[in-house]
Amino acid sequence: MVVATQMSPIRVEKIREIKIPTIDLSGKESQVSKLIVEACEGYGFFKVINHGVPHHIIQTMEDESFDFFRKPLSEKQRVGLTKPFGYGNKNIGLSGDTGELEYLLLQTNQNAIDHTSKLISNSPSKFSSTVSRYVEVVRGLACEILGVMAKGIGVPPSLFTTLLTDHDSDSLFRLNHYPIVTDTSSSSSFHHGNTPIGFGEHSDPQILTLLTSNGVPGLQISLGNGVWVPVNSDPEAFCVIVGDLLQVMTNGRFKSVRHRAMANTSSRECRLSMVFFGGPPPQTTITCPPQLLKLNKPPLYKPFTWAEYKSHTYAHRLGETRLDHFKLP
Ligand SMILES: C=C1C[C@]23C[C@@]1(O)CC[C@H]2[C@@]12CC[C@H](O)[C@@](C)(C(=O)O1)[C@H]2[C@@H]3C(=O)O
Ligand SMILES: O=C(O)CCC(=O)C(=O)O
Ligand SMILES: [Fe+2]
């Protein structure tokens, strides 16, 4: 993969070869686990293939999503935004961030899915069963990956997986729809070169994110120092993104990767990303388990609950490096 670094005011381009790890989950478990740990340490990002999520589950979710985003604006707005959940258009979060996208952000418990489905769809039971099925299967995949990760670093898998399987797990599901932007000069979103931003630079606050998209590119990950690596959009793969909580739970060994999505300016198709954010129950204390603390590396972060971390997150802008606030001196 070719990467360009840009430095202003003079544009210097260094070309480098970066290989984003693509891990075949059908491989030997010990090998898969080694590759996953290396990817989490090196990038905080990797792709998985042969993940076992049936194609028809992804396809049906994609079809339902496009059916929703194709509706007239007034109809989509009827879904309302019980901030931060519901339908949003060009606004992200509660602190004034903007982007060239529209989205639907849902909580993953059955009541919330049923409630939103009634507002969204003429056949709510179809929408609601499609979302529930998708979330159930992708949550299962997230647990499988977390379990393999845990084994790879020598902790019991349940230490990580129960956080997502708990009845009160605070996981989210987000559909991002990036329309084709033709007039880039009128875009109010922050410009990067000539390309407006679809979804601005950030890290995901939760434990683990699983993202799939419809083959239209846009996602980029940061290597730091202004270097952005475009991620090929492969509808057969899931992108796995290490979140802030996993960085804390591994005492900084795994990196919560900063990423962004560029606006969709060159494609003839709209871009759709479907994103599952695996989060723990709100009252969970987030800290590094003693087995992972090395004698020569004291804890980097003070313990906090997920509820505390979320309120800090929502009080700040998208691009904030919010873990800094929880660092020990
Ligand atoms: C500006 C914001 C939107 C966000 C909450 C925040 O205050 C900062 C983090 C943002 C983010 C990024 C990952 C997910 O898309 C998200 C749902 C999350 O948990 O944190 C969003 C939040 C949002 O859009 O509500
Ligand atoms: O749409 C994408 O590719 C990125 C979306 C994202 O980072 C998010 O929803 O948190
Ligand atoms: Fe994200």
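Checking Arg322, Arg268, Arg317 one by one, the residue that is more than 20 Å from the chain's Cα centre (by Cα) and of a type outside the set (Phe, Trp, Tyr) is Arg268 and no other.
Within region 307-329, the set of residues being surrounded by 14 or more Cβ atoms within 10 Å (Cβ to Cβ) and not in a helix (DSSP H, G or I) comprises His316, Arg317, Leu318, Gly319, Glu320. Can you work out which of the residues in region 213-242 that are β-branched (Val, Ile, Thr) and out of contact with any Leu (no Cβ under 9 Å at 6 or more places or on another chain) is farthest from ligand 3 (Cβ to nearest atom)? Here the residue is Val227. Looking across region 122-161, the residues that are out of contact with any Asp or Glu (no Cβ under 6 Å at 6 or more places or on another chain) and polar (S, T, N, Q) come down to Asn122, Ser123, Ser125, Ser129, Ser132, Ser158, Thr161. Of all residues being crowded, with 21+ Cβ neighbours inside 10 Å and touching a Pro at 6+ places or on another chain (Cβ under 8 Å) in region 151-168, which is farthest from Arg70 (Cα to Cα)? Just the residue, please. My answer is Leu163.
For region 297-304, the count of residues that are aliphatic (A, V, I, L, M), under 22 Å from Leu106 (Cβ atoms) and more than 16 Å from ligand 2 (Cβ to nearest atom) is zero. Of the residues in region 204-213, at least one is more than 29 Å from Ser26 (Cβ to Cβ) and modelled with pLDDT of 95 or more. Regarding region 227-249, can at least one residue be identified that is modelled with pLDDT under 95, β-branched (Val, Ile, Thr) and closer than 18 Å to Gly44 by Cβ? Yes, that holds for at least one residue. Say we look at region 200-240 and pick out the residues that are charged (D, E, K, R) and more than 30 Å from Ser311 (Cβ to Cβ); which of these is nearest to ligand 1 (Cβ to nearest atom)? Result: Asp234. Scanning region 89-126 for residues that are buried (at least 18 other Cβ atoms within 10 Å of the Cβ), more than 18 Å from the chain's Cα centre (by Cα) and not polar (S, T, N, Q) returns Ile113, Ile120.
Restricted to strands (runs of 3 or more DSSP E) entirely inside region 194-302, those with at least 2 residues that are polar (S, T, N, Q) are 208-213, 219-224. Could you please let me know if Val135 is over 17 Å from Val32 (Cα atoms) and either modelled with pLDDT under 95 or surrounded by 17 or more Cβ atoms within 10 Å (Cβ to Cβ) (or both)? The answer is yes for Val135. Across region 273-299, the qualifying residues are those that are touching a residue at least 24 places away in the same chain (Cβ under 8 Å) and farther than 22 Å from Phe160 by Cα, and the one among them that is surrounded by the fewest Cβ atoms within 10 Å (Cβ to Cβ) is Met274.
Here is a yes/no grid of residues against (1) surrounded by fewer than 21 Cβ atoms within 10 Å (Cβ to Cβ); (2) among the polar types (S, T, N, Q); (3) free of Cβ contacts under 8 Å to residues at least 24 places away in the same chain:
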residue	(1), (2), (3)
Gly218	no, no, no
Asn225	yes, yes, no
Asn232	yes, yes, no
Leu245	no, no, no
Asn251	yes, yes, no
Ser256	no, yes, no
Met262	no, no, no
Arg271	no, no, no
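Of all the numbered requirements in (1) more than 16 Å from ligand 3 (Cβ to nearest atom); (2) in contact with a Pro (Cβ under 7 Å, 6 or more places away or on another chain), Pro282 misses one, and that requirement is (2). Of all the residues in region 54-88, those that are touching a helix residue (DSSP H, G or I) at 6+ places or on another chain (Cβ under 8 Å), closer than 30 Å to Val148 by Cα and surrounded by 19 or more Cβ atoms within 10 Å (Cβ to Cβ) number 2.
The values are calculated or read from the model by the stated rules, or taken from the named source; none is laboratory data. Computed from a predicted structure; not experimentally measured. We place every Cβ from the backbone using ideal geometry, glycine too, and count neighbours over all the protein chains shown.
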